[in-house]
1. Checking residue 190 against (1) closer than 19 Å to residue 123 by Cβ; (2) at pLDDT 95 or above; (3) assigned to a loop (DSSP other than H, G, I, E, B), which single condition isn't satisfied?
2. Has region 41-63 got at least one residue that is within 16 Å of the ligand (Cβ to nearest atom) and modelled with pLDDT under 90?
3. For the structure I just gave you, tell me whether residue 94 is within 16 Å of the ligand (Cβ to nearest atom), assigned to a loop (DSSP other than H, G, I, E, B) and under 29 Å from residue 159 (Cα atoms).
4. Restricting attention to region 137-146, and to residues there that are within 16 Å of the ligand (Cβ to nearest atom) and buried (at least 21 other Cβ atoms within 10 Å of the Cβ), which single residue is farthest from residue 72 (Cα to Cα)?
5. Any chance you could count how many residues in region 100-118 are over 16 Å from residue 152 (Cβ atoms) and crowded, with 19+ Cβ neighbours inside 10 Å?
6. Within region 148-190, which residues are over 23 Å from residue 19 (Cα atoms) and touching a residue at least 40 places away in the same chain (Cβ under 8 Å)?
7. Please enumerate the residues belonging to region 119-136 that are in contact (Cβ under 8 Å) with a residue 24 or more places away in the chain and surrounded by fewer than 16 Cβ atoms within 10 Å (Cβ to Cβ).
8. Limited to region 147-177, what total is found for residues that are within 16 Å of the ligand (Cβ to nearest atom) and touching a strand residue (DSSP E or B) at 6+ places or on another chain (Cβ under 6 Å)?
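The values are calculated or read from the model by the stated rules, or taken from the named source; none is laboratory data. Given the structure is predicted, the values throughout are model-derived calculations rather than measurements. For neighbour counting, all protein chains shown are included, and Cβ atoms are generated from backbone atoms with ideal geometry for every residue, glycine included.
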Ligand code: SF4
């Protein structure tokens, strides 16, 4: 039974991270013009929840770019499913690069029980090199999240060769937050083997609340699912 899905609400980003698999010239051509009606998808998901009496459906508003570049649309999608969110029938989340978020957005997400995760690759030395010198901006956003919610957000960190060289520092960086950390394996240039990744995870798990059981972030399992209308979802496992 499908009980989770991830909707890519846009295909654009304000950053150009060195390892990004979404914004290569090749992908840009592939992704261009792939408009879809997110409200139809949400209708289908709500029907699906009712039909199969699903207790909690996990729904991500993430995907091929920075979702907050389309905050107005995201705001409407969240309002559209707000009854399901307040009844805890849908557990929604989004993941941001942290450069665009405001207190108003955070208040809205809190009010609607939408979890917000932040992408941050550990210590400034590594993060800035891979993610466009944004470490201090992202940290400000994480502190803003803390002031709104009273706890630190979940965070996502991509593990490549550079991070492995600073594995101890990376683990120590995340330790004080006490929040759940999702590590993803980098592949391609600068990437690491599965064995190296699992070895890092084993170390990290001794000191951090590490999310386990997920796929590599770059492996989006795309399925075409028929629930009344056909639509494309990125099915994610958490
Ligand atoms: S923030 Fe995410 S989507 Fe944007 S360039 Fe970086 S890795 Fe790619």
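1. Exception for residue 190: condition (2).
2. yes
3. Considered against the rule, which asks whether it is within 16 Å of the ligand (Cβ to nearest atom), assigned to a loop (DSSP other than H, G, I, E, B) and under 29 Å from residue 159 (Cα atoms), residue 94 comes out as no.
4. Restricting to residues being within 16 Å of the ligand (Cβ to nearest atom) and buried (at least 21 other Cβ atoms within 10 Å of the Cβ), the top hit is 138.
5. Residues flagged as over 16 Å from residue 152 (Cβ atoms) and crowded, with 19+ Cβ neighbours inside 10 Å within region 100-118 amount to 2.
6. 148, 149
7. 125, 129
8. So the answer is 7.
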